[in-house]
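**Student:** One structure coming up, written as C-alpha cells, with questions to follow.
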Amino acid sequence: MTRPNLLLIVTDHWTASLLGCAGHPAIHTPVLNQMAANGVRFTNAYSEHPVCIPARRTLMTGTTAKKHGDRTFQARLQMPADLPTMAQTFRDAGYQAYGVGKTHTYPQRDRLGFDDIQLDDEGRTHHGVTDDYEIYLGDNGWLGRQFGHGMSNNGYHATAWHLPEEAHATNWATRTMARYIRRRDPTRPALWYLGYRHPHPPLVPPQRFLDHYEDVELDEAVHGGWLNAQDPPLLIQAFRKRYTYSERESRAARRAFYALCTQIDQQIGSLIGTIREEGILDDTVIMFTSDHGEMLGNHGMWAKQSFYEASANVPMILVGTKGCRRTGYGRVDDRLVGLQDVMPTLLDLADIAIPETVEGRSMLSDDRRGHLYGEFGEGELSSRMVHDGRFKLIYYPAGNTRQLFDLDEDPDELVDLAADPAHGERLAALTERLIVELYGSDLAWLTDGALTGLPNRVYRPAPNRGLGLTRGEQWPVPPINPDGLMNFFPEVPDGDNDDDGAR
C-alpha cells in the first residue's frame, strides 16, 4: 500500500458557518466547497479551548488542556516534553514533515517535531525572534513595513493591504508551502502543515478581495434574547465591553473578514494546483480546519474565548486519497469532534500507531463520543462547555450561571432554555457531566458536590491603552519586551478614576 501524503491547513478565527457549502448567504469559498464535495465535512467540530495557544497545543498533541497544561493562554509555556507531537510521530514512522506559517508556540523556533518550519509569528519580536515572513519582507525591499497599514492585531477596524499582494502573509505562506512540496524527497511520504494567520486581525485584505464584496448583501450579527438578563455573568460583561463598534464599523469589519477568507480560499486552490501538477494529488490527504472561530459581533461580542457557536464551532473538511472509501465524497457527518481528534485521524489514514498519550479519536472510527467538554480560563473570568451533539450547556462560575441551547432548533443560540422546566432533565444531566469534568481550581465551584460557583460582580473596563497590541515599524527590530503580552480583559482597579480627573 502506498502511504499517503498529508496536508493539514489550519486558519485562525474561522467559524464553521463561514462556508458556502454550509449554506452561508454571503461568503464566497468555491475551493473549500469543492473540497467538501470531494470528501467529508464535519458539522459538529469544536475547539475545546477556543483561544490560540491552548487550541494549538491540543491540535499538535491530540490532548486536552487537562493533560497539556494550558487553558488560559500561557504565552511562555513550553510544549510538554512527554507528549509526542503529531509531526514527531509521523517522522518516527518515516515521514518527512515540514511546516509553514503560524504555530504560536514558545520558544518560537520550537519545531514541534517538524524537520523544519518557516515561521510567521505575526511580528512577535517581544519574545526575541524575527520570523521568516519578516525576513522575507526585508529581503524584498519591505523591511519592517508589514504593519504600515496601522491596524491592530487584536482590533476590528479594517483597511486594504498596503503592500503588493505578493507580500501579503497569506500569499507568502502559500508560496513557501508550495516550495516545500516541490522540494520534497520523492522516496518518502510527507506531512505538511500550513498555518494561515488570517482571517485573524489585522483586517487587511488586498483591495481586490474587498472589491469582491462591494455589491454583496452581507448578513448581520445575531443577538439572543438572553442578553437582556439582569446581572449577566462577569465574563459576558467583559466580552461585551471589550469592543464597541458602530454599525458602519461593524459592516466594514465583516466585509474585510470575509475578504480575508476568500483570499485564503483562492490561495488554497493555488496550492492544490501545485500538488496536482506534481502528480501527487491522488495520493494526498487534505484537511482544513481552524484553531477557533470568531464572534464577529454576534450577541454583541467580538473575537474568541467563548463557547457560543461563532467562537467554538470550527470548520472541519477532510479529503481522502483518490477512491478512499473511508472518507467518501460529498458526505456530511454530524458526530462530535474536536481539535484533539485531528492528530489521531491523520495517523489513522496513514496507518500509523496512535501514541498512548493521545486523548482524541479518529473521526473515521466507529468510536463516537457521547459528549464533548470544553474549558477556557480559570477563576471568575472563565467558562465551561458540555455538548451532547444537540444540546449545549455553557457554564459561567461567576454568578453560577448555566445556559442551555438546543442547536437543532436554535442554531443561532437565541433562546436560553436553562430556566425552561421542559428541559430540566437535560439540564441536570449535562450539569452532572460538567461536574465530573471539573478539576484543579474549578473544584472551588462545588459545595457538597453541587455547583455553587463564585460571587458575581460588575466588570469595570479599563481603556485599551495598548490598542490591542498594535505594532509599529519593525525596523530596527523592536527589543525583547517582557511586558508585551496580551491582557484580554483590562479592568480599572477598585477606587481608581472615581473623582480624580486631574490624574
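**Student:** Given the criterion of a type outside the set (Val, Ile, Thr), more than 30 Å from Pro202 (Cα to Cα), touching a Pro at 6+ places or on another chain (Cβ under 8 Å) and outside any strand (DSSP E or B), identify the matching residue among Asn464, Asn456.
**Tutor:** Just a single option satisfies the conditions, and that option is Asn456.
**Student:** Turning to a different aspect of this structure: One residue is enough: does the stretch 229-238 have a residue meeting the conditions at pLDDT below 95, under 13 Å from His299 (Cβ atoms), surrounded by fewer than 21 Cβ atoms within 10 Å (Cβ to Cβ) and touching a His at 6+ places or on another chain (Cβ under 8 Å)?
**Tutor:** No, that holds for no residue.
**Student:** OK, next. Within the stretch 186-207, work out how many residues are more than 20 Å from His157 (Cβ to Cβ) and either of a type in the set (Lys, Arg) or modelled with pLDDT under 95 (or both).
**Tutor:** Looking only at that region, the number is 1.
**Student:** Restricting attention to the stretch 239-272, report how many residues are modelled with pLDDT of 95 or more and outside any helix (DSSP H, G or I).
**Tutor:** 2
**Student:** List every residue pair whose Cβ atoms sit under 9 Å apart, with the two residues 6 or more apart in sequence or on different chains, where the first one lies in the stretch 471-492 and is over 29 Å from Arg240 (Cα atoms) and the second, anywhere, is part of a loop (DSSP other than H, G, I, E, B) and β-branched (Val, Ile, Thr).
**Tutor:** Taking only residues 6 or more apart or on different chains, the pairs are Gln474/Thr130; Val477/Thr130.
**Student:** What are the pairs with Cβ atoms under 6 angstrom where one residue, in the stretch 126-138, is over 16 Å from Gly195 (Cβ atoms) and the other, located anywhere, is modelled with pLDDT of 95 or more? Sequence gap at least six, or different chains.
**Tutor:** Pairs found: Leu137/Gln146.
**Student:** I've got another one for you. Could you say whether any residue in the stretch 182-202 is of a type in the set (Val, Ile, Thr), more than 24 Å from Lys102 (Cβ to Cβ), assigned to a loop (DSSP other than H, G, I, E, B) and free of Cβ contacts under 8 Å to residues at least 24 places away in the same chain?
**Tutor:** Yes; the residues of the stretch 182-202 include at least one that is of a type in the set (Val, Ile, Thr), more than 24 Å from Lys102 (Cβ to Cβ), assigned to a loop (DSSP other than H, G, I, E, B) and free of Cβ contacts under 8 Å to residues at least 24 places away in the same chain.
**Student:** Conditions: (1) crowded, with 24+ Cβ neighbours inside 10 Å; (2) touching a Ser or Thr at 6+ places or on another chain (Cβ under 9 Å). Val332 meets all but one. Number of the miss?
**Tutor:** (1)
**Student:** Picking from Gly399, Gly466, Gly472, which residue would you name as being surrounded by 12 or more Cβ atoms within 10 Å (Cβ to Cβ), farther than 21 Å from Tyr373 by Cα and either modelled with pLDDT under 95 or under 28 Å from the mean Cα position of the chain (by Cα) (or both)?
**Tutor:** On inspection, the qualifying residue turns out to be Gly466.
**Student:** Which condition number does Lys241 fail, the rest of (1) over 30 Å from Asn456 (Cβ atoms); (2) within 22 Å of the chain's Cα centre (by Cα) being met?
**Tutor:** (1)
**Student:** A follow-up question, please. Given the stretch 1-107, what strands (runs of 3 or more DSSP E) lie entirely inside it while holding 2 or more residues that are touching a Cys at 6+ places or on another chain (Cβ under 9 Å)?
**Tutor:** Answer list for the stretch 1-107: 5-12.
**Student:** Something else about it: Which one is farthest from Thr470 (Cα to Cα) among residues in the stretch 129-157 that are acidic (Asp, Glu) and either touching a Leu at 6+ places or on another chain (Cβ under 6 Å) or surrounded by fewer than 18 Cβ atoms within 10 Å (Cβ to Cβ) (or both)?
**Tutor:** Asp139
**Student:** Can you find a residue in the stretch 362-370 that is closer than 30 Å to Leu454 by Cα, touching a residue at least 60 places away in the same chain (Cβ under 8 Å) and not in a strand (DSSP E or B)?
**Tutor:** The answer is no, given that none of the residues of the stretch 362-370 is closer than 30 Å to Leu454 by Cα, touching a residue at least 60 places away in the same chain (Cβ under 8 Å) and not in a strand (DSSP E or B).
**Student:** Here is a follow-up. For His162, indicate whether it is part of a loop (DSSP other than H, G, I, E, B), without any contact (Cβ under 8 Å) to a residue 60 or more places away in the chain and touching a Ser or Thr at 6+ places or on another chain (Cβ under 8 Å).
**Tutor:** Taking the combined requirement at face value, the residue does not satisfy it.
**Student:** Can you tell me which residue within the stretch 405-419, out of those that are in contact with a strand residue (DSSP E or B) (Cβ under 8 Å, 6 or more places away or on another chain), touching a residue at least 60 places away in the same chain (Cβ under 8 Å) and of a type outside the set (Asp, Glu), is surrounded by the most Cβ atoms within 10 Å (Cβ to Cβ)?
**Tutor:** My answer is Leu407.
**Student:** Being more than 17 Å from Leu336 (Cβ to Cβ) and out of contact with any His (no Cβ under 6 Å at 6 or more places or on another chain) is the filter here; which residues of the stretch 36-62 pass it?
**Tutor:** Across the stretch 36-62, the qualifying residues are Ala36, Ala37, Asn38, Gly39, Val51, Pro54, Met60.
**Student:** Identify, from the list Asp334, Asp341, the residue that is under 23 Å from the mean Cα position of the chain (by Cα) and under 19 Å from Pro50 (Cα atoms). Let's see the steps before the verdict.
**Tutor:** Values: Asp334 fails: under 19 Å from Pro50 (Cα atoms).
The match here is Asp341.
**Student:** In the stretch 65-89, which residues are of a type in the set (S, T, N, Q), surrounded by 19 or more Cβ atoms within 10 Å (Cβ to Cβ) and either modelled with pLDDT under 95 or touching a Ser or Thr at 6+ places or on another chain (Cβ under 9 Å) (or both)?
**Tutor:** Matches in the stretch 65-89: Thr72, Thr85.
**Student:** Scan the stretch 387-416 residue by residue and report those that are in contact with an Asp or Glu (Cβ under 7 Å, 6 or more places away or on another chain) and either assigned to a strand (DSSP E or B) or of a type in the set (Lys, Arg) (or both).
**Tutor:** Result: Arg390, Phe391, Ala398, Gln403, Leu404, Phe405.
**Student:** Take the residues in the stretch 260-274 that are under 18 Å from the mean Cα position of the chain (by Cα) and of a type outside the set (Val, Ile, Thr), then tell me which one is surrounded by the most Cβ atoms within 10 Å (Cβ to Cβ). Show your work before the answer.
**Tutor:** Residues of the stretch 260-274 under 18 Å from the mean Cα position of the chain (by Cα): 260-265, 268.
Keeping just the survivors that are of a type outside the set (Val, Ile, Thr) gives 260-261, 263, 265.
Numbers: Leu260: 29, Cys261: 27, Gln263: 25, Asp265: 22.
Step by step, filter the stretch 260-274, then rank; the result is Leu260.
The values are calculated or read from the model by the stated rules, or taken from the named source; none is laboratory data. Source: prediction; values computed, not measured. Quick reminder, even Gly has a Cβ in these numbers, built from the backbone with ideal geometry, and neighbours come from all protein chains shown.
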